[in-house]
1. Can you tell which of Ser272, Ser241, Ser203 is touching an Asp or Glu at 6+ places or on another chain (Cβ under 8 Å) and modelled with pLDDT under 90?
2. Output yes when any residue across region 405-412 is part of a helix (DSSP H, G or I), out of contact with any strand residue (DSSP E or B) (no Cβ under 8 Å at 6 or more places or on another chain) and free of Cβ contacts under 8 Å to residues at least 24 places away in the same chain, and no when none is.
3. Does region 147-160 contain any residue that is touching a Phe, Trp or Tyr at 6+ places or on another chain (Cβ under 9 Å), within 22 Å of Glu247 (Cα to Cα) and assigned to a loop (DSSP other than H, G, I, E, B)?
4. Can you tell me how many residues in region 137-154 are modelled with pLDDT under 85 and either surrounded by 18 or more Cβ atoms within 10 Å (Cβ to Cβ) or at positive phi (or both)?
5. Which members of region 183-207 meet the condition of being surrounded by fewer than 17 Cβ atoms within 10 Å (Cβ to Cβ) and among the β-branched types (Val, Ile, Thr)?
6. Is it true that some residue in region 483-499 is out of contact with any Pro (no Cβ under 9 Å at 6 or more places or on another chain), of a type outside the set (S, T, N, Q), surrounded by 16 or more Cβ atoms within 10 Å (Cβ to Cβ) and under 30 Å from Ile404 (Cα atoms)?
7. Given the residues Gly460, Gly450, Gly490, Gly475, which is the only one that is more than 23 Å from the chain's Cα centre (by Cα), at negative phi, modelled with pLDDT of 80 or more and not basic (Lys, Arg)?
8. Specify which of the listed residues (Asp355, Asp309) is of a type in the set (Asp, Glu), touching a helix residue (DSSP H, G or I) at 6+ places or on another chain (Cβ under 6 Å) and in contact (Cβ under 8 Å) with a residue 60 or more places away in the chain.
Amino acid sequence: MSDESPQIDWRDSNWYTSIADFVSKFRRHRMGLIGITILIFYIVIAIAAPFIVPYDPSPANKIAPPFLAPAWMQVFDPLGVVTSEQIDNQYLESSPNVTIVGAHQDRFSSVHYPSSQNKSHFNMTWTHVAGQELDFHETLDNTVHPDCMDFIYMTHTFEWGFQSMPSDVNMTFDYGVTRTGTFATQEYSGLMFKVFIYLIDSSGNWWKVYESFPPYYELIQNRRIDLSYFDVVEGWEGMTSHLNQTEDPTKQLTVAVVLSPTDNFRKSRSPSNPIDYPILNYTGSVTVQIKRLSMIAYGDYFGILGTTDKGADAYSQLIWGTRISLTIGILATGISTAVGVVVGMTAGYFGGKLDEILMRVVDFLLVIPGLPLMMVLAAFLGPTIENIIVVISILGWTGTSRLIRSQVMAEKNKAYVESAKAIGASDTYIIYRHILPNVTPILFADITLGVVGAILSESGLAFLGLTDPSEPSWGRMLADAQAAGGFSNGAWWVVVFPGLMITILSLAFTFVGHTLDQVLNPRLRER
């Protein structure tokens, strides 16, 4: 005979059989399957939120003018402009186009450090040796060209895809300047060169939108450039329709960053002038490190869901709000359920004076209006997420405790409880080993419905301004929209979409809770 013991198939175990039976019954309810699908979708969004939001979701993070409509609404407005980034290589992940102009090209050079080396900046360098001459324009007007005919510049060309001009254009320019030789030691050497930003249309016209001024620093500095109305007209009017004619039919515009010597380099000054330092004595190099070049053209539309009252991205707030609402709803329900189970089982099993005391506390909390009490507690404890969870939990356990108490009172007189007492089992063992598993099925349905209540409570507190204003949540979006007159300003998207997210998530939990009640409640299964 073989000494090998027969192997037991794990699929014959009680737990596997119970789970398989539950799944089989649950799948028969279409409403429950729809609810589960929606919940999985929300959970995936909450987990992936840090990776799929395009902007910082903080309500105060202004990225565009307030109450811009969603970009997809532009299909109904042929002349509408979508607010967007025009420079697709703004962080210089790939090498920009570089041009060196003039007869002395050997004095200029460029280097691009790829982001894989953790040096994503681009360098343009001008090197000068004492005694060298540079060529300057006879007529100086750096609004249409640099002072010097010898210079280096990098460019980015983009195509304007709209029929109208943008309402405003902002540029962001991050750069630092490193100097060597005399350029690093002489106090006024910063007057001898400039960093310019020009716009160049397809007809070859240049006009200046930015020029740097000393002092210069090696540390990367951020410069925000707000183009004037005349700059916008000069750049974009030639690409937009005007009496069915366009000056620039290619609809292309080029941004150029220029490093150039200035006219100060050739000016002769009196020896008594402290600014004067003879040109022949200058030697060394000037290197401009460019970290970022960005251009945002503003219009009437922006992003997937437009902007909020503060000019923040509504889509980023909506996605991040999924994480906040689910976190608060699930944690608050978990804490309140645990408290309700302990109180309900203790009161139902032991009865007597302990039952009277606990139930009177429950009655007291049930009599007090929930929302005013939550408002008082939230104002007292503070508007953090942790405190909001505690506030909701404090008032969320009373219904669970009454439900569990009634079930325990029905279970404690049954034969299996009497048998356990007869063999000497402790009260704690009987409560948590025998009675709790028998009341758990009805608890699952109560939990799913409790999450809905917690989410709605958080939304209500946020709407009243009692949650952290720096945390984006659906209730906070509704509160901000109401305070700023979202509907009166025609910004329906800041009201409709958060409301839909709350409604759909609440319906999903309701569908799942209703199905669990039908599957796990023996009385409903018999019908």
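1. That would be Ser203, the only listed residue that is touching an Asp or Glu at 6+ places or on another chain (Cβ under 8 Å) and modelled with pLDDT under 90.
2. Checked against the condition, which is being part of a helix (DSSP H, G or I), out of contact with any strand residue (DSSP E or B) (no Cβ under 8 Å at 6 or more places or on another chain) and free of Cβ contacts under 8 Å to residues at least 24 places away in the same chain, region 405-412 yields at least one hit.
3. yes
4. Of all residues in region 137-154, those modelled with pLDDT under 85 come to 137-145, 147.
Those still in the list that are either surrounded by 18 or more Cβ atoms within 10 Å (Cβ to Cβ) or at positive phi (or both) too: 142, 145, 147.
Adding up the residues that qualify gives 3.
5. Thr185
6. no
7. Numbers: Gly460 fails: more than 23 Å from the chain's Cα centre (by Cα); Gly490 fails: at negative phi; Gly475 fails: more than 23 Å from the chain's Cα centre (by Cα).
Answer to the check: Gly450.
8. Only one candidate qualifies: Asp309.
The values are calculated or read from the model by the stated rules, or taken from the named source; none is laboratory data. Since this is a predicted model, take the numbers as computed values, not measurements. Backbone-built Cβ (ideal geometry, glycine too); neighbour counts: all protein chains shown.
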